[in-house]
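Quick note: the coordinates plus some simple rules give every number you see, no bench work behind them. Being a predicted model, the structure only gives us computed values, none of them experimental. In this analysis, Cβ positions are derived from the backbone assuming ideal geometry, glycine residues included, and neighbour counts consider all displayed protein chains.
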Amino acid sequence: MKQLSLILCVIAFSSCAQKQTNYANDKFQNKTITMDTAKTNNYDTATFGAGCFWCVEAQFQLLQGVISVQSGYSGGTVKNPSYKEVCNGTTGHAEVCQVVYDTSILSYDELLAAFWQTHDPTQLNRQGNDIGTQYRSVIFYHNENQKKIAEKYKIELDKSGAWDKSIVTEISPIVNFYKAEDYHQNYFNENGDQPYCQFVVQPKVEKFKKVFKDKLVK
Ligand code: MHO
């Protein structure tokens, strides 16, 4: 990875005026956002797969403008899958994080910058030792605008040479989202001492904090 942080920041943050609103950490608890709340507050939803959802959730939770993050399963054929089924790699689902965000604070472009920072998008169907299609790099877009922005961003990022290899991130329409079991929600914050959290999630979180230091929840 060459200069990825810089490139991501330049692409994402150059034109976006930031409103000085900070959300407290309690905003990240599993909140159900009603359609009415969403409309009134300019909230939008985005869904990303980038390997183990514990890692992805812990990073998105740090960003100003993120209202909630839910870990779940998307893109497969099995209804209401369990974690165990998804781990078998036969459901077609990816581990994903569904992010509700305030568009007056955070743009979809900025979320994409964060998404591409959370993982290595050149690894096909794996992230490190987590191997299987459930760990694929994927953007599940919710509307045509998200699709357009994501496809354009992916091409630009590839061209920029931020990664030595090509980006393999899949860009597909969202067809389903099944919230994961409660014990997967807010996982890193509640299980920080667990070895996987210490050795895999924590370093990613630290790196993310450095790259997005001006954009973090205070
Ligand atoms: N290798 C990790 C992956 C966790 S993740 C939620 C584990 O088995 O704990 O897929």
- prompt: Given charges of +1 on the Cβ of Lys and Arg and -1 on the Cβ of Asp and Glu, with all other atoms neutral, how large is the dipole of segment 113-218 about its Cα centre, in debye to the nearest 20?
  reply: 420 debye
- request: Positive end of the charge dipole of segment 94-165 (Lys, Arg +1 and Asp, Glu -1 on Cβ, about the Cα centre): tell me which of Leu111, Tyr101, Asn125 has its Cα farthest that way.
  value: Asn125
task: Pop the C-beta distance of Thr90 and Asp214 into the FRET formula with R0 = 45 Å and round what comes out to the nearest 0.05.
output: 0.60
message: I want the local charge near Val86. Using Cβ-Cβ distances under 11 Å, sum +1 for each Lys or Arg and -1 for each Asp or Glu among the other residues.
response: -2
